[in-house]
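This report refers to the structure that appears directly beneath it.
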Amino acid sequence: MKILADENMPYAEDLFREFGEVELVDGRSITASQTADADILLVRSVTKVNQQLLANSNKLKFVGTATIGTDHVDIDYLLSKNIAFSSAPGCNAIAVGEFAFIAMLELAKRFSSPLKEKTVGIVGAGNTGAAVARCLTAYGVKVLLCDPIKEAEGDSRSFCSLDDILARCDVISLHVPLTQNGEFKTCYLFDELRLNALKKNAWLLNCCRGEVIDNNALIKVKQTRPDLKLVLDVWEGEPFPMSELIPLAELATPHIAGYSMEGKARGTLMLYQKVCELLNRPSSKSITSLLPEFMVSNLTVNTSISESELLRIIRLVYDVRDDDQKFRSIDFVNGGFDQMRKSHRHRREFSALIIESCIQSNVSWINELGFTGAKG
Ligand SMILES: NC(=O)C1=CN([C@@H]2O[C@H](COP(=O)(O)OP(=O)(O)OC[C@H]3O[C@@H](n4cnc5c(N)ncnc54)[C@H](O)[C@@H]3O)[C@@H](O)[C@H]2O)C=CC1
Ligand SMILES: O=C(O)C(=O)[C@H](O)COP(=O)(O)O
């Protein structure tokens with residue numbers, strides 16, 4: 001059996017070699033001739049999986065994307081060809097949630113404007129949106145949710161309209177899939193009108209898909225609204241973001257909000273489990289067996305923790321400023337965006353750090369944030 005996998009999919013060889021020969025390829029430039037003799041195709045968000053790519057793929061039984069988003073896959077085409085498909089829902093939701101929370105703490109410090117005093121609006125209350133909300137709620141920040149689809153489905157959480165979010169929130173974080181049609185389409189959900197409706201001094205974070213914000217409109221609005229602060233992890237036209245937009249963002253990164261080692265491992269593992277199911281084979285692997293040891297094991301906190309101290313602890317696990325700084329210096333024309341993503345293997349989730357607190361009042365919120373509590 002031949003398994004063709006994106007080379008930017010950690011642990012693909014370790015997990016899939018039990019099924020046959022694993023060939024690693026550049027996902028961005030994968031061709032129809034490469035997929036022609038594949039039985040299993042494993043991709044990430046940079047591969048457009050469609051009729052053109054699969055024109056000669058007569059043996060293909062399964063396509064898996066180790067991502068949450070599926071806007072790069074023509075799922076109807078796969079269905080029509082009887083090719084099984086799976087994405088990895090939720091695999092990197094914790095990573096995105098922590099990334100957005102960390103970015104908010106960084107802005108709070110940079111502008112001496114405490115996060116705890118803000119109201120944060122989350123647009124899209126699925127796996128990633130809920131993960132951000134979990135961090136914020138654990139930390140005691142007021143959160144409003146906007147998700148008309150979940151609301152219509154009868155989800156028991158309370159929801160606001162997008163207009164409400166725009167009017168009431170100091171911080172807005174976007175967590176919707178990219179959709180081109182329908183009543184709730186998200187392409188250019190944030191157009192010039194909505195961008196101009198943001199509250200004075202608002203912070204806008206985009207960790208979902210670049211096209212959810214009209215990037216040209218964002219450049220235009222930002223020119224007359226220096227009060228707005230932007231965190232942009234995703235960009236229209238990746239891997240070539242608009243060069244004028246990058247300096248306008250406080251934090252700018254190359255679509256790596258979901259790139260924790262844990263998130264990537266979970267994504268690959270979820271596809272491995274799907275293939276086991278498809279082939280009727282037992283799945284024996286777990287993510288702990290895949291992950292390397294974290295550089296710090298235990299941390300003991302002796303006092304109550306201020307916001308800037310929390311950020312100092314978090315920077316031990318992941319310092320987003322490093323990625324921001326590197327991003328601003330990469331050579332976009334010569335593949336810098338993808339290179340930075342491929343070599344991104346340093347980030348861990350909060351759970352990698354075991355925190356013991358001598359102060360009882362710290363314990364529950366530290367654990368709710370996702371850090372691991374010390375055992376007895
Ligand atoms: N930057 C990164 O590295 C990553 C980006 N993503 C992106 O984030 C997106 C969301 O991921 P999840 O939260 O896991 O997906 P999800 O499917 O769990 O949740 C998305 C939510 O958005 C809601 N929604 C759809 N249209 C909406 C609209 N017009 N207004 C408000 N809510 C709307 C849906 O009802 C759903 O509850 C993915 O589709 C992917 O494109 C996901 C992971 C990593
Ligand atoms: O899961 C998603 O959806 C994402 O956006 C991924 O985190 C993006 O990673 P790549 O698939 O582009 O490596």
Lys and Arg at +1, Asp and Glu at -1: add these up for the other residues within a Cβ distance under 11 Å of S113 and post the number.
+2
Where is the GNM fluctuation largest for the chain (alpha-carbon springs, 10 angstrom cutoff): A108, A100, A36?
A36
What percentages, rounded to whole numbers, describe P(r) for region 118-195 computed over all alpha carbon pairs with 10 Å bin width beginning at zero?
18, 55, 25, 2
Principal semi-axes in Å for region 150-220 [√(5λ), Cα gyration tensor, largest first]:
20, 17, 10
Taking every Cα atom in region 196-278, find the radius of gyration and the maximum pairwise distance Dmax, and write them in Å.
16.6, 55
Of all the accessible heavy-atom surface of region 298-373, with the other protein chains kept in place and a 1.4 Å probe, what percent is carbon and sulfur?
48
Taking the inverse of the average 1/r across all pairs of different Cα atoms in region 93-252, what Kirkwood radius in Å do you get?
15.6
Positive-end extreme of charge dipole, region 93-252 - chosen from L107, S158, I213 (charges on Cβ)
L107
Counting pairs of alpha carbon atoms under 8 Å apart in space and at least six apart in sequence, what relative contact order in percent does the chain give?
14
Once the dipole of region 200-347 is set up with Lys and Arg at +1 and Asp and Glu at -1 on Cβ about the Cα centre, which of S297, L232, A202 lies farthest towards its positive end?
S297
Show which aspartates and glutamates lie in cross-link reach of K116 when reach means a straight Cα distance below 19 angstrom and same-chain residues fewer than eight apart are skipped.
E98, E106, D170, E307, E309, E368
Over region 67-219, calculate the relative contact order: mean separation of alpha carbon pairs under 8 Å at least 6 apart, over the residue count, as a percent.
20
Which whole-number percentage describes the relative contact order of region 298-373, with Cα contacts under 8 Å and a sequence gap of 6 or more?
45
Mean accessible surface per residue for region 298-373, computed with a 1.4 Å probe while every protein chain stays in place, in Å²
49
Going down the table (K200/K220; K109/K326; K2/K59), which pairs top 18 Å between alpha carbons?
K109/K326
Rg/Rh for region 22-119 to two decimals, with Rh computed the Kirkwood way over all alpha-carbon pairs.
1.21
For T119, which sequence-distant residues (separation of 5 or more, or a different chain) have an amide H within less than 5 Å of its own amide H, given hydrogens modelled in the peptide plane?
D170, V171
In 10 Å bins starting at zero, report the fraction of Cα pairs in region 298-373 per bin as a rounded %.
17, 41, 21, 16, 5, 0
Would you mind telling me the share, in percent, of accessible area of region 93-252 contributed by carbon and sulfur at probe 1.4 angstrom?
51
Between beta-carbons, use under 15 Å as the cut-off and find the net charge around L251, counting Lys and Arg +1, Asp and Glu -1.
+1
Mind giving me the nanometre distance, one decimal, between the label points for V363 and S329, set 7 Å out from Cα along Cα→Cβ?
4.5
Given the options T300, T35, T70, which has the most mean-square fluctuation in a GNM of the chain, springs set between C-alpha atoms less than 10 angstrom apart?
T300
Per residue, how much accessible surface does region 34-174 expose to a 1.4 Å probe? Answer in Å², no decimals.
39
Taking the Cα centre of region 237-376 as the origin, how large is its charge dipole in debye, to the nearest 20, when only Lys and Arg (+1) and Asp and Glu (-1) carry charge on their Cβ atoms?
600
Cβ-placed point charges (K, R +1; D, E -1), dipole of the chain about Cα centre in debye, nearest 20
460
Binned Cα-Cα distance frequencies in the chain - 10 Å width, integer %:
5, 23, 31, 26, 13, 2, 0
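The values are calculated or read from the model by the stated rules, or taken from the named source; none is laboratory data. Predicted, not measured: the structure shown is a model, and the values here were computed from it. Positions of Cβ are generated from backbone atoms using ideal geometry, with glycine treated the same way; all protein chains shown enter the neighbour counts. Surface areas here come from the heavy atoms of the whole protein model, side chains and all, with no ligands, DNA or RNA. Shrake-Rupley method; radii C 1.70, N 1.55, O 1.52, S 1.80 Å.
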